Structure formats: C-alpha cells, structure tokens
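Below: the structure, in structure tokens.
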Amino acid sequence: MSRPRIGAAAAIAQLDGWRIAEDHADAIAKTFRFADFNEAFGFMTRVALMADKLDHHPEWFNVYNRVEVLLTTHDADGVTELDVTLAKFMDSAA
C-alpha cells in the first residue's frame, strides 16, 4: 500500500535539526551525536524497536558515538508522515 508523499521540505518544517538529504531526491537526514558508543547503540536499539512497530525502517550509519540517519518511504518514492513520525521518535529517544 503506497502512502501519500508530503515531501522533504514539508517534513523538515515540522522537525528540529533535520535537513533535506543531499544526493537523494526526496529524503530527510540528521546526525545524532552521543557521549559514547553505548549511548549511540542504546539509541539505535530503541529506534529499531519502534521501527519494527511502524514497519518503517531507517537507513543509518554508525561510527562510535555518531549515528547518521536518512529517512524516506521507498514505496512512495519520497517522504511521508511515517518518516515524520519516526523522526520525532528519534528526537525524543536521543
């Protein structure tokens, strides 16, 4: 089931610290920094549990205390409310 796109610009207008992703047609991105690897991994674990509940999974990359996140809804070819929901959860989990 395809979800309606809202677009990256509309999404970041609702979020704090997120940006339109470079090199992606319609995606949002954010870099999270933590005190150490354990905090970064704990954040990723909390987000993974929510992502499974939403059936919506981020593209992300982790090095030590940094987690880089890219959100887009692949079956909609762009950003949807699911991305905004997951982004808000990530902000609260951080």
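General observations
- Cα gyration tensor shape of region 8-93, rounded if a/c is under 1.5, else prolate or oblate by comparing a/b with b/c: prolate
- Around His56: net Lys/Arg minus Asp/Glu count, Cβ-Cβ under 12 Å: -4
- The residues of the chain present an accessible area of 57 Å² per residue when probed at 1.4 Å with all protein chains retained.
- Degrees separating the helix 81-93 axis from the principal Cα axis of the chain, which is the longest one: 20 degrees
- Computed from Cα atoms, the angle from the helix 37-54 axis to the main principal axis of the chain rounds to 30 degrees.
- ³J(HN,Hα) computed for each position of region 21-35 - Karplus, 6.51 cos²θ - 1.76 cosθ + 1.60, integer Hz, glycine/proline x: 5, 6, 6, 9, 4, 8, 8, 10, 9, 7, 10, 9, 10, 10, 5
- Highest-fluctuation residue, Ala35, Ala48, Ala21 considered, GNM on the chain with Cα pairs under 10 Å: Ala35
- Within a Gaussian network of the chain (alpha carbon springs, distance under 10 Å), most fluctuating of Asp52, Asp36, Asp23: Asp23
- Mean sequence separation of contacting Cα pairs (under 8 Å, at least six apart), scaled by the length of region 8-93, corresponds to a relative contact order of 33 percent.
- C-alpha center-to-center spacing [region 78-94, region 8-38] in angstrom: 9 Å
The values are calculated or read from the model by the stated rules, or taken from the named source; none is laboratory data. Not measured: the values here are computed from a predicted model. Neighbour counts are summed over all protein chains in view; Cβ atoms, including those assigned to glycine, are modelled from backbone coordinates with ideal geometry. Just the protein is used for accessible areas: all its heavy atoms, side chains included, with ligands, DNA and RNA removed. Shrake-Rupley method; radii C 1.70, N 1.55, O 1.52, S 1.80 Å.
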